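Inspection log for the structure reproduced underneath, given as C-alpha cells.
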Amino acid sequence: MSEPTGNEFDAVVVGAGFGGLYALHKLRELGLRVQGFDKASDVGGTWYWNRYPGCRCDIPSLSYSYTWSEELLAEWTWTEKYATQPEILRYAGFVADKYDLRPLIRFETAVVSAVFDDKSNLWTVTTDKGDAVNARYLVMATGCLSMPRTPDIKGAESFAGPSYHTGMWPHEGVDFTGRRVAVIGTGSSGIQSIPIIAAQARHVTVFQRTPNFSVPANNRPLSEADRKAWLDNLPNYMRMLRGTGVDVTEAPGAAQRAASVAAERTQPPPGQQRGSMAMALEGEALQQRLQAFWDASTGTGWLGFPQMLVNKEMNDAAADFVRGKIAERVRDPDIAAKLMPHDHPMGTKRICVDIDYFETYNRGNVQLVDGRDEQIVEITPTGVRTTAGEYEVDAIVFATGFDAMTGALLAIDIRSGDCQLREAWRGGPKTYLGLMVAGLPNLFTLTGPGSPSVLSNMITSNEHHVEWVAETIAYMRREGLTRIEADPDWQEKWVAHVNKVADGTLFPQANSWYTGANIPGKPRVFMPYVGMNYRGKVRDAVEQGYKGFALA
Ligand code: NA7
C-alpha cells in the first residue's frame, strides 16, 4: 500500500453511531489509517438525532451494550431497564472518550458520493464540504433508521406554528406548556412521545393512521443485583450470541428461531403441518402461556412467542390477548376499539414497548383522530384538516418514521464502473450476506439489508459485522490482496434465500417499514434476514475460503 498523504486512508467509515464507533476502533487497532465522517456534530448516530420526549431503546439496556471490551462492561452502569436516549447518548460519548475516537471523525460533514477506481482499487469519497479522500476500504455504518421521513401532506409549509420530526428533534428541547399539539403517527416514536407531550401540553390531538401493538415496558431502575446477574450470565449470553448470531432481546434468537423453524423447511414432515404444531398449545395452556409472557414483561421478546410469526392461528391468539389488555387499559370502550390493531399480524410491524401509552387516552386533554373514520386532507396555517373537519393546533409533531434500511445508503451516490447502487437496488436491495454488494468492491454495509439487522440487537449485530470486516481486511493484508467483492451469482442465491425465509413467515403481510411499504414508490421487499444461524452462515463462507466472494 502506498504511504498515505493527508487525504489518503486505508479505510473510511461513514457514520459515528455504534457501528461506526466500533469500526473506527477496530480498524485503527489493526494499524489502519482510518477516517470517519458524520453529519452530526458528535457521536451517537440515531441516538444523536432522536431526542424526542420519551425516547428510549426498546431493547433492555443491559443487552444494548457493547460486549467487545471487558473494561467497558465493568465501567459502565445502566440505571434503568430501558435506557433513555440521553443515557444511551452518554454511553456513546463515554466510549468515544475512553478510546479517543472523536479525533478520527470529521463531524458536520455528510458524505455525498463514493466512487471506486478499478485500476487502483481505491474509493474516492467526497463530502458536502468539498473534501475528497481516498481509501482502500469503505465501511458504511450509516444506520437502518437514519433518514427521517416527513410525508408529503398538502399545505404543510403553510402551517404558521412550529413543526418537528421526532427523528430530528431540536437539541434545546421543546416546551409544549399551554400549547395545543398535533401528533401525526403512532409507531414507536409516537407511542413513546405522546404520554410525555400530553402531560405537558394543553391539548394533544393524535392522528392515528394505523394502530399498533404495544406492550407495557414495566420500566424500573436497575439494581446492583441486576447488574451482577447480567455480568454473571454474560459468558452464556456471549456463547449464545456467537453461536447463533441472532438475538432479539433477552430471548436471543427468538424471532428468527420461531420464523425459520417453519420457513426453512421446504417440505414439512407428514403430520407436522404448521397448523398442527400450533395445536400443541391451545385452550387453557395457551392462555396461561400468553399470561406468562405478559407477566414476564418481555417487550419485543413477544416476537419469540411460540409460532407467532409463522402461524396465523397462534398469532391471532396472541393478538386477541394483547387487544384484550388494551381494552383493560383504556376506559372508553369506543376509544379502546379504535386503538386495537386488526390490519396486520402481531409482530409483523415492530411491537412497541410503552410507558402509559394507552392510559394516556384516559386523560381529558387527549383526543384520538382515527384514520379509519377520517383522513388527513391538508395542513392549514392553523391546524390539520381531515375529511371530517379542522383541528386547530399550535404545533405539529411528525412521528412519521424513516426511509429505513436503504435510505441512508441510497442518499449517497455510490458507484464503481457501470455499477451504481441506486440502479442496482432499483427493484429492492440486494446484498450477499447483508455485508457486501456485487459490483462494489471493498465496500461493506454494516447491518445491511439481508442481515438480521433491525430484527436483532443492533449493537451486537454491528459488533459481529465490524469484527467480520476487520478479520477480512486483516486476512487480505496478510495475503497481499487488495480487493474483495461479492459474487453476483452468490448474491442472487442469498437474496432468494432471504426472500424464501421471509415468505415462510407472516412478516410480508404487513405494510411495514421492514418491507419499504411506508415510502410511496419504494419497492416492496422484506429487507431483514429472519433465517436461522446467520452467524454460522457467515462463518461457513469464510471457512470455505470466502465462498461467494471474489478476492484479488
Ligand atoms: P414508524 O414505526 O414507521 O411509524 C410511523 C407512523 O407514522 C406510523 O403510525 C404511520 O402510519 C404514520 N404515518 C406515516 N405517514 C403518515 C401520513 N402521511 N399520515 C398519517 N400517518 C402517517 O416510525 P417510528 O419513528 O415510530 O419508529 C421507527 C422505529 O424506530 C421503531 O420501529 C423502533 O425500532 C425505533 P402507518 O402505520 O404507516 O399507517
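The values are calculated or read from the model by the stated rules, or taken from the named source; none is laboratory data. Please read all numbers here as calculations on a predicted model, not as lab measurements. Don't worry about glycine lacking a Cβ; one is built from the backbone with ideal geometry, like all the others, and counts go over all protein chains shown.
Within region 174-189, no residue that is over 21 Å from residue 385 (Cβ atoms) sits with its Cβ atom under 8 Å from a residue that is acidic (Asp, Glu) and in a strand (DSSP E or B) at 6+ positions apart or across chains.
For region 459-466, the condition of being under 24 Å from the mean Cα position of the chain (by Cα), hydrophobic (A, V, I, L, M, F, W, C) and under 30 Å from residue 62 (Cβ atoms) holds for at least one residue. When 392, 359 are checked against the criterion of being in contact with a strand residue (DSSP E or B) (Cβ under 8 Å, 6 or more places away or on another chain) and surrounded by fewer than 18 Cβ atoms within 10 Å (Cβ to Cβ), 392 stands alone in meeting it.
Just so you know, in region 402-428 the residues that are in a loop (DSSP other than H, G, I, E, B) and crowded, with 24+ Cβ neighbours inside 10 Å include one that is farthest from the chain's Cα centre (by Cα), and it is 406. Given the structure, is residue 534 among the hydroxyl-bearing types (Ser, Thr, Tyr), more than 16 Å from the ligand (Cβ to nearest atom) and under 24 Å from the mean Cα position of the chain (by Cα)? Yes. For region 22-60, filtering for residues that are among the acidic types (Asp, Glu) and within 16 Å of the ligand (Cβ to nearest atom) leaves 1. Among the residues of region 313-349, which ones are basic (Lys, Arg) and either closer than 14 Å to residue 290 by Cβ or modelled with pLDDT under 95 (or both)? Scanning region 313-349 gives 323, 325. Scanning region 135-150 for residues that are away from the ligand (no atom under 16 Å from the Cβ) and either surrounded by fewer than 20 Cβ atoms within 10 Å (Cβ to Cβ) or closer than 10 Å to residue 408 by Cβ (or both) returns 140, 141.
Has region 152-168 got any residue that is in contact with a Ser or Thr (Cβ under 7 Å, 6 or more places away or on another chain), part of a loop (DSSP other than H, G, I, E, B) and within 11 Å of the ligand (Cβ to nearest atom)? No, region 152-168 contains no residue that is in contact with a Ser or Thr (Cβ under 7 Å, 6 or more places away or on another chain), part of a loop (DSSP other than H, G, I, E, B) and within 11 Å of the ligand (Cβ to nearest atom). When residue 58 is tested against (1) part of a helix (DSSP H, G or I); (2) in contact with a helix residue (DSSP H, G or I) (Cβ under 9 Å, 6 or more places away or on another chain), exactly one condition is not met: (1). When the residues of region 26-55 are filtered to those that are among the hydrophobic types (A, V, I, L, M, F, W, C) and assigned to a loop (DSSP other than H, G, I, E, B), which remaining residue is surrounded by the most Cβ atoms within 10 Å (Cβ to Cβ)? That would be 43. None of 206, 215 is in contact with a Leu (Cβ under 8 Å, 6 or more places away or on another chain), of a type in the set (A, V, I, L, M, F, W, C), at negative phi and more than 9 Å from the ligand (Cβ to nearest atom) except 206.
Only one of these conditions is not met by residue 344: (1) in contact with a strand residue (DSSP E or B) (Cβ under 9 Å, 6 or more places away or on another chain); (2) in contact (Cβ under 8 Å) with a residue 12 or more places away in the chain. Which number is it? In the conditions (1) in contact with a strand residue (DSSP E or B) (Cβ under 9 Å, 6 or more places away or on another chain); (2) in contact (Cβ under 8 Å) with a residue 12 or more places away in the chain, residue 344 misses (1) alone.
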